Every structure is written in structure tokens, then in C-alpha cells.
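Here is the structure we will look at.
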Amino acid sequence: MTNPSLLRGLAIASLAFALAACSNPGDAPAGHSSADRNEGHTSSSSGLPAGTAAAGEKLANTKGQATGQSCVDCHGAKGNAPIDGLTPKLAGQYHDYIAHSLQMYRDGDREHSLMSSQAKALNDQQIADLAAYFGSIQEGATLRDLHGIH
């Protein structure tokens with residue numbers, strides 16, 4: 001007859017071994033920007049300062065030096081009226097998603113001819129402010145699923 005305490009102990013030890021084998025504290029999940037990975041961050045906007053919506057609104061309406069365009073030139077007023085069906089609405093989007101996307105464009109881990117140029121000049125505070133602004137907009141914030149659009 002098998003000892004139940006021995007079986008339970010073996011099960012716990014096996015689970016602990018399996019978890020230890022799969023875990024490496026230096027690994028960040030796939031898809032994080034190189035800057036996030038280099039800093040050991042494991043969440044999309046980890047390490048960003050707190051953003052303010054008012055500063056983000058001002059920045060969203062400011063023309064960038066690299067392209068001569070502002071966020072609202074393509075994403076529309078308050079990020080809610082994109083110029084075409086392939087440009088996403090930003091109004092009401094999760095601020096972490098916006099921050100993560102901007103970090104990846106800035107760091108070259110995500111490519112888009114216009115967005116990569118726009119984001120290169122953004123610092124962490126500006127990214128946090130833009131994310132806070134677009135994430136705070138509720139009026140008309142009806143995000144659409146772009147899955148299968150191509």
C-alpha cells in the first residue's frame with residue numbers, strides 16, 4: 001500500500017521542479033519592446049511615469065517634427081475618427097496597450113512607416129501622457145475589432 005503523505009510530497013516536489021524549470025526571472029513575455037526586456041520589465045508599460053490626460057491632449061494635437069503630423073491628423077479628433085478603416089481608434093483604448101505600442105514603435109520592435117517616425121522622438125513621460133489621454137476618453141469610444149480586416 002502506498003503512503004498518501006509520500007504521494008502528496010512527491011506531487012508537490014514535482015510541481016515545484018516543473019515550475020522552476022519553466023521560470024527564469026530574466027525572461028519577459030514575448031512581444032515586449034527591447035527597452036522593456038533590457039530593463040527586466042514584464043508588463044507593457046512597466047516603469048513608465050504616471051501620465052496626465054491634459055498633457056496628453058496637448059501632445060496629441062501637436063505636430064511632430066519628424067512627420068509634420070499630429071496624432072489627431074490620422075486618428076481623428078479625440079482619437080475617435082480615423083482617416084481610414086486601417087487606422088485604429090484610440091479613444092477609450094486601454095492605456096497600457098497604447099503605451100506598449102508606442103514604446104515598441106519608438107524602440108523599433110514594431111514597424112509602421114509613419115508611427116515609427118512619430119514615436120522615435122517620444123520620451124517615457126510623453127508616452128505615458130498620450131496613453132492617459134486616449135485611455136481616458138469615453139465619449140464616442142466605440143472600439144472595433146480589426147481581426148481579419150486584411
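When we measure straight from the Cα of residue 78, which lysines land under 16 angstrom away, once same-chain ones fewer than 8 places off are left out?
Here the lysines satisfying the reach criterion relative to residue 78 are 58, 63, 89.
Roll a 1.4 Å probe over the protein chains and send me the accessible area per residue for the stretch 44-113 in Å².
54 Å²
Once neighbouring chains are kept in place and the probe is 1.4 Å, which whole percent of the accessible area of the stretch 91-138 is contributed by carbon and sulfur?
Numbers: 1140 of 2250 Å².
Ligands and nucleic acids excluded, carbon and sulfur reach 51 percent.
The values are calculated or read from the model by the stated rules, or taken from the named source; none is laboratory data. Remember, predicted model here, so these are calculated numbers, not experimental data. Side chains are part of the model used for accessible areas, which takes the heavy atoms of the whole protein and leaves out ligands, DNA and RNA. Shrake-Rupley method; radii C 1.70, N 1.55, O 1.52, S 1.80 Å.
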